[in-house]
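Asks: Can you read through this structure? Questions will come right after.
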């Protein structure tokens with residue numbers, strides 16, 4: 001309800017998830033972001049996260065490398081049961 005603060009007791013996303021990120025993405029340069037992702041610390045909150053980095057990708061990797069991104073998505077869906 002409006003004005004109430006609700007504490008999230010276990011902020012985990014347990015569904016299988018895929019993060020496709022370009023190595024040249026400016027988001028990775030946010031303070032602490034690269035360590036958070038590369039160290040696997042992000043998996044504390046998303047234990048079933050699969051991370052794929054694309055060497056030549058930037059922030060718009062899906063537009064820059066659509067075939068490669070599509071293949072990563074298809075491969076990801078092939079591995080999980082939905």
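Rule-based calculations on the coordinates, nothing more; no lab input. Predicted model, so just to flag it, every value in this text is computed and none were measured. Glycine also receives a Cβ, built like all others from the backbone with ideal geometry; neighbour counts cover every protein chain displayed.
Asks: Of all residues in the range 1-32, which are in contact (Cβ under 8 Å) with a residue 24 or more places away in the chain, over 13 Å from the mean Cα position of the chain (by Cα) and not in a loop (DSSP other than H, G, I, E, B)?
Replies: Within the range 1-32, just 26 meets the criteria.
Asks: Report, by residue number, each residue of the range 33-82 that is part of a loop (DSSP other than H, G, I, E, B) and exposed (fewer than 15 other Cβ atoms within 10 Å of the Cβ). It would help to see each step written out before you state the result.
Replies: To start, the set of residues in the range 33-82 that are part of a loop (DSSP other than H, G, I, E, B) comprises 39-40, 45-48, 55-60, 65, 80-82.
Residues satisfying the conditions are 39, 40, 45, 47, 48, 55, 56, 59, 60, 80, 81, 82.
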